[in-house]
Amino acid sequence: MRITIFGTGYVGLVTGTCLAEVGNDVICVDVDAAKVARLNDGEIPIFEPGLDELVRDNRAAGRLHFTTAAEPAIAHGQMVFIAVGTPPDEDGSADLSHVLTVARSIGQHITRYTVVVNKSTVPVGTADRVRAAISAELLIRGLDVPFDVVSNPEFLKEGDAVKDCLRPDRIILGADSARAIEAIKALYAPFNRNHERLVLMDVRSAELTKYAANAMLATKISFMNEMANIAEHVGADIELVRIGIGSDPRIGYSFIYPGAGYGGSCFPKDVQALERTARAHGYNARVLSAVEAVNVDQKDKLFVLIERHFGGDLAGKTIALWGLAFKPNTDDMREAPSRRLLEQLWAAGAKVRAYDPEARHEAARLYGEHAGLLLCEHPHDALEHADALVIVTEWKEFWSPDFERIKATLKSPVIFDGRNIYEPRTVEAAGIAYYGIGRGRSLLPAHAAARNV
Ligand code: UDX
């Protein structure tokens with residue numbers, strides 16, 4: 001099939017590449033000429049395991065193209081995907097201007113039946129607005145070209161995006177046209193071979209499904225962060241509680257890891273946007289407000305622990321950070337807990353030496369030559385002259401460190417483990433003070449003492 005994709009961000013680039021991989025002829029369009037030029041030079045603007053090879057192979061096979069030219073791209077596509085960003089506007093609602101600009105462009109250029117597929121995460125009712133924008137342009141042109149708008153939200157995770165796209169858990173399709181449904185079914189047939197993954201529903205339900213999935217996952221995380229905070233107050237260990245509750249298949253082990261708060265391009269934005277949508281329809285979504293509020297506070301957590309450990313005085317201290325990305329296997333720092341922590345440490349007069357396997361360039365782009373930040377090439381370089389080590393992102397390479405070396409390098413050996421990747425006893429046995437998230441001792445030294453007896 002001939003496919004056109006608007007937007008070469010995570011969703012657009014990965015979707016376009018995976019559709020080319022199964023034999024479709026794909027053109028990806030982006031307004032960012034520099035990005036398109038880089039893609040045409042074989043450079044991938046994001047770090048995503050497996051994506052480089054796939055883009056390279058499909059470009060070489062002549063099935064994947066990048067352009068800024070909307071008109072020929074729209075002429076090419078039997079299906080046109082909208083996969084552009086929906087950043088939060090000032091009040092946290094999703095900003096639809098990019099989506100509607102693409103819709104108008106489609107209306108200006110289509111000449112034959114086209115299926116318009118909305119992949120961007122958009123508030124309920126957006127498909128109607130896309131349809132209206134296309135119809136308005138056709139009216140101006142005095143044409144009556146048939147088209148359908150369907151909702152087909154994307155659920156890929158950064159770091160696993162290629163795998164998620166090639167082997168999706170489910171394919172959500174919101175559509176009310178038999179013709180469009182048949183076309184989408186044919187397109188996704190290669191991804192839908194072993195068992196039926198396509199879940200067909202009306203357009204509004206599909207739009208809400210995307211938000212509901214992200215809000216549910218964010219709720220699990222905020223719930224666990226709340227449990228972790230309770231565990232600290234009562235002297236319990238959240239890691240034991242986590243294993244205890246995860247063994248119930250109704251709860252499950254996934255997405256119940258407490259930590260330094262969720263970040264990334266989806267959860268913070270989507271929880272807020274859904275809460276705003278509900279409010280705009282006259283409903284007060286209290287759970288969503290609480291999920292967001294807990295997460296905002298949780299991003300202060302590491303700083304509070306560090307500040308307390310050093311008696312409220314961080315002036316002149318040097319803090320080593322391991323991890324800057326919002327999660328492992330990505331270089332993305334959008335809404336990352338590291339960003340709040342950096343700003344709080346600087347405001348308190350501390351300096352930071354940071355190491356991240358992939359996000360150093362992104363940190364340099366965000367913070368430039370900030371005097372309080374030294375970006376290190378090796379995890380152990382970050383420890384030099386540092387007073388404390390903070391684990392902010394749980395990259396695999398941090399899981400089994402040389403504790404003796406950490407102890408010997410840090411000025412006052414202490415680890416703040418924002419992802420609970422270490423066993424407190426192992427760290428303490430190495431002569432290093434340890435703070436985790438919800439591990440019964442971070443707030444209440446008395447409990448820690450009792451446990452160690
Ligand atoms: C998420 C959804 O998982 C994906 O389906 C959707 O399409 C986009 O949003 P992503 O933002 O890439 O994907 O990352 P994800 O792996 O879901 O992690 C989000 C955040 O939650 C990270 O900051 C991560 O550290 C945090 N997290 C995750 C926890 O704090 N605890 C957990 O148990 C799981």
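Laboratory data are not the source of any read-out in this text; all were calculated from the coordinates shown. From a predicted model like this one, the values you see are computed outputs, not experimental measurements. So basically every Cβ, Gly included, is an ideal-geometry build from the backbone, and we count neighbours across all protein chains shown.
Once the Cβ-Cβ distance between ASP89 and ASP144 is put in as r, and R0 is 25 Å, what FRET efficiency do you end up with, to the nearest 0.05?
Efficiency computed from Cβ-Cβ geometry: 0.15.
Can you compute the radius of gyration and Dmax for the stretch 143-277, using only the Cα atoms, both in Å?
18.9, 70
Can you pull the one-decimal nm distance between simple spin-label points at ALA280 and ALA34, each 7 Å off the Cα toward Cβ?
For ALA280 paired with ALA34, the spin-label model returns 3.1 nm.
Between VAL22 and ARG112, what is the label-point separation in nm under the 7 Å Cα-to-beta-carbon projection?
If labels sit at ARG112 and VAL22, their model points lie 2.3 nm apart.
Report, to two decimal places, the Cα Rg of the stretch 109-179 normalised by 2.2 N^0.38 Å (N = number of residues).
Expressed relative to 2.2 N^0.38 Å, the Cα Rg reads 1.33.
What three numbers, in Å, describe the spread of the alpha carbons of the chain along their principal axes, ordered from the longest?
79, 46, 43
Across the stretch 90-104, in residue order, what do the Karplus-derived ³J(HN,Hα) couplings come to in whole Hz, using 6.51 cos²θ - 1.76 cosθ + 1.60 with θ = phi - 60° and x for Gly and Pro?
4, 9, x, 6, 6, 8, 9, 4, 5, 4, 6, 5, 5, 4, 5
Using unit Cβ charges (K, R positive; D, E negative) and no other charged atoms, how large, in debye to the nearest 20, is the dipole of the stretch 2-201 about its Cα centre?
The calculated dipole for the stretch 2-201 is roughly 640 debye.
Of THR330, VAL294, ALA347, which is farthest along the charge dipole of the stretch 290-363 in the positive direction, counting Lys and Arg as +1 and Asp and Glu as -1 at C-beta?
In the stretch 290-363, that residue is ALA347.
In the neighborhood of LEU374, defined by Cβ-to-Cβ distances under 15 Å, what is the net charge if each Lys or Arg adds +1 and each Asp or Glu adds -1?
-2
Taking the Cα atoms only, what angle lies between the long axis of helix 178-188 and the longest principal axis of the chain, rounded to 10 degrees?
Value to nearest ten degrees: 50.
Can you give the extra length, in nm with one decimal, that the chain gains between LYS185 and THR68 once fully stretched, where that is 0.36 nm per residue apart less the Cα-Cα distance?
Values: separation 117, 0.36 × 117 = 42.12 nm, distance 2.85 nm.
My answer for the length gained is 39.3 nm.
What nm value, rounded to one decimal, do you get for the distance between ASP402 and HIS361 when each label is placed 7 Å out toward the C-beta?
According to this spin-label approximation, the distance is 2.9 nm.
Give, rounded to the nearest 20 debye, the magnitude of the charge dipole that the chain has about its Cα centre when Lys and Arg contribute +1 at Cβ and Asp and Glu contribute -1 at Cβ.
620 debye
What's the angle, to the nearest 10 degrees (0 to 90), between helix 267-280's Cα axis and the longest principal axis of the chain?
60 degrees
Count the net charge of all other residues whose Cβ sits under 15 Å from the Cβ of LEU39, scoring Lys and Arg as +1 and Asp and Glu as -1.
So the environment of LEU39 carries a net charge of -3.
Any chance you could list P(r) for the stretch 272-334, counting all Cα-Cα pairs in 10 angstrom bins from zero, rounded to whole %?
17, 29, 30, 18, 6, 0
Do the sum for the chain: with -39,500 (n - 2.57) for every DSSP H run of n ≥ 4, divided by all residues, what is the mean residue ellipticity at 222 nm, to the nearest 500 deg cm²/dmol?
That calculation yields -13500 deg cm²/dmol at 222 nm.
Could you give the length gained by full extension between GLU196 and GLU43, i.e. 0.36 nm per residue of separation minus their alpha carbon distance, to one decimal place?
51.5 nm
Give, as ranges by residue number, the residues of the stretch 423-442 whose backbone N falls under 19 Å from the point 7 Å along Cα→Cβ of HIS233.
436-442
Quick check on the stretch 2-201: what does the Kirkwood estimate of hydrodynamic radius come out to from the alpha carbon pairs, in Å?
Final number for the Kirkwood radius of the stretch 2-201 is 17.0 Å.
Which residue, chosen from HIS233, VAL145, ILE251, occupies the Cα position most advanced towards the positive end of the dipole of the chain, where the dipole is computed from +1 (Lys, Arg) and -1 (Asp, Glu) charges on Cβ about the Cα centre?
ILE251
Rounded to the nearest 0.05, what FRET efficiency do ASP52 and TYR253 give with R0 = 35 Å and r taken as the Cβ-Cβ distance? Could you check?
Calculated transfer efficiency: 0.65.
Where does helix 337-347 land angle-wise versus the long Cα axis of the chain, in degrees 0 to 90, nearest 10?
Taking the Cα atoms of the chain, the angle to 337-347 is about 50 degrees.
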